[in-house]
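What follows is a short report on a single structure.
The values are calculated or read from the model by the stated rules, or taken from the named source; none is laboratory data. Predicted model, so just to flag it, every value in this text is computed and none were measured. Cβ placement follows ideal geometry from the backbone for every residue including glycine, while neighbour counts extend to all protein chains displayed. Heavy atoms of the whole protein, side chains included, go into the accessibility calculation; ligands, DNA and RNA do not. Shrake-Rupley method; radii C 1.70, N 1.55, O 1.52, S 1.80 Å.
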Amino acid sequence: QVQLVESGGGLVQAGESLRLSCAASGVISVINAMGWYRQAPGNKRELVAAITRGGSTNYVDSVKGRFTISRDNAKNTVNLQMNSLKPEDTAVYYCNVVSWGVNYWGKGTLVTVSS
């Protein structure tokens with residue numbers, strides 16, 4: 001079983017930055033993909049950014065150039081640096097990891113961006 005603990009959410013003003021972190025613990029053999037999803041009220045959960053074990057990344061178009069995902073394979077951590085935040089980035093952000101084809105989810109951390 002894999003447990004994910006997220007940190008770093010909060011309330012900021014538009015244009016400011018936040019850094020989300022997620023640490024995976026438990027019975028871990030290999031973590032393949034790691035990523036961040038978000039879900040705003042009334043919306044479906046969407047992929048924000050993902051990174052493979054080899055470091056390849058992909059981002060949803062709305063955050064390209066503003067967000068950066070990174071991971072530390074030795075520590076089983078994944079981070080999301082969010083710059084130039086916009087009110088439309090307001091959502092609960094969820095950490096996700098994939099290990100041997102199984103998806104694991106964190107409980108989520110709230111990011112609120114005021115205008």
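Mean-square fluctuation check for the chain, GNM, Cα pairs under 10 Å: which of R19, R71, R38 is largest?
Looking only at R19, R71, R38, the biggest GNM fluctuation is shown by R19.
Do you know the relative contact order of region 26-73, to the nearest whole percent, from alpha carbon pairs under 8 angstrom that are 6+ apart?
In percent, rounded to a whole number, it is 30.
Cross-link partners among lysines for K86, C-alpha distance below 19 Å, same-chain residues fewer than 8 apart left out?
K44, K64
Find the eigenvalues of the gyration tensor of the Cα atoms of the chain, then list the square roots of 5 times those eigenvalues as equivalent ellipsoid semi-axes, largest first, in whole angstrom.
Equivalent ellipsoid semi-axes, largest first: 24, 14, 12 Å.
With the dipole of the chain worked out from charges on the C-beta (+1 for Lys and Arg, -1 for Asp and Glu) around the Cα centre, which of G8, T68, G54 lies farthest toward the positive end?
Most positive-ward Cα: G54.
Once you charge only the Cβ atoms, +1 for Lys and Arg and -1 for Asp and Glu, what is the size of the charge dipole of the chain about its Cα centre, to the nearest 20 debye?
In total the dipole reaches around 140 debye.
I'd like the distance separating the alpha-carbon centroids of region 80-115 and region 37-77, in whole Å.
Going from one Cα centre to the other spans 8 Å.
Which residues among region 73-108 fall inside the zone where the amide N is under 14 Å from a point 7 Å beyond the Cα of V30, along Cα→Cβ?
Counting only backbone N, you get 98-102.
What does the extension gain come out to for E16 and S62, with contour length at 0.36 nm per residue minus their alpha carbon separation?
Between E16 and S62, full extension yields 14.9 nm more.
Output the relative contact order of the chain, whole-number percent, from Cα pairs under 8 angstrom with separation of 6+ residues.
36 percent
Hey, can you find the accessible area per residue of the chain for me, probe 1.4 Å, expressed in square angstrom?
Value for the chain: 52 Å² per residue.
State the percentage of accessible surface on the chain attributable to carbon and sulfur atoms; use a 1.4 Å probe and exclude ligands, DNA and RNA.
Accessible surface attributable to carbon and sulfur in the chain totals 50 percent.
Under a crude label model (7 Å from the Cα following the beta-carbon direction), how far is N73 from T112 in nanometres?
With each label placed 7 Å out from Cα toward Cβ, I get 4.0 nm.
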